[in-house]
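Okay, so here's the structure we're looking at.
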Amino acid sequence: MCRRLRTDITRIRTCPIFPHKQATTIMADTAESYEKALEHLEHLQTQLDALRSTLPNLVSPLIKPQTSKAQLFADIKKSATTSTNQLASFRNDWNSEQTQQLLSKSRESEQKDPDMSKGQEVAAFGWSEKEEKQSS
């Protein structure tokens, strides 16, 4: 899906500029929307990467020696709460309208043109940082 978006954004950037000002504005809006989509996907990827450590985080209080059962319970409770919150956040973002529209557009784009080779020219990461730099 990321490769599909990167391919589409490459096409927009390399497309010849139309003489109409309105067409240029539409292309800029489309490129901006693709960049925001890539930023959103990068955010989802970051959340997913964080979820990979869920089980080790849940088990870690059991492995290290504890001074008391109350401390063990507090550590397990803290790990479970943190993991549950991370999972709920990811689930909300995954089921969001933005993500579902993004997936739908990606499928449509892939059906129109399955060649994704141009997507390799666009960076896979750094979209969140780019947005932060532009806003500051």
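The table below gives the values:
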{"quantity": "Candidate set from the range 38-62 (those that are farther than 14 Å from residue 85 by Cβ and touching a Leu at 6+ places or on another chain (Cβ under 8 Å)); member that is modelled with the lowest pLDDT", "calculated": "38"}
{"quantity": "Answer from 62, 87 - the residue that is surrounded by 13 or more Cβ atoms within 10 Å (Cβ to Cβ) and out of contact with any strand residue (DSSP E or B) (no Cβ under 6 Å at 6 or more places or on another chain)", "calculated": "87"}
{"quantity": "Looking only at the range 43-66, and only at residues there that are among the aliphatic types (A, V, I, L, M) and touching a residue at least 12 places away in the same chain (Cβ under 8 Å), the one that is nearest to residue 126 (Cα to Cα)", "calculated": "44"}
{"quantity": "Residue list for the range 67-92, restricted to those being in contact (Cβ under 8 Å) with a residue 40 or more places away in the chain and either outside any helix (DSSP H, G or I) or touching a helix residue (DSSP H, G or I) at 6+ places or on another chain (Cβ under 6 Å) (or both)", "calculated": "90"}
{"quantity": "Members of the range 66-85 found to be among the basic types (Lys, Arg) and farther than 21 Å from residue 53 by Cβ, listed by number", "calculated": "69"}
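The values are calculated or read from the model by the stated rules, or taken from the named source; none is laboratory data. Note that the coordinates shown come from a computational prediction; the quantities given were computed from them, not determined experimentally. Cβ sites come from the backbone with ideal geometry, for glycine too, and all protein chains shown count toward neighbours.
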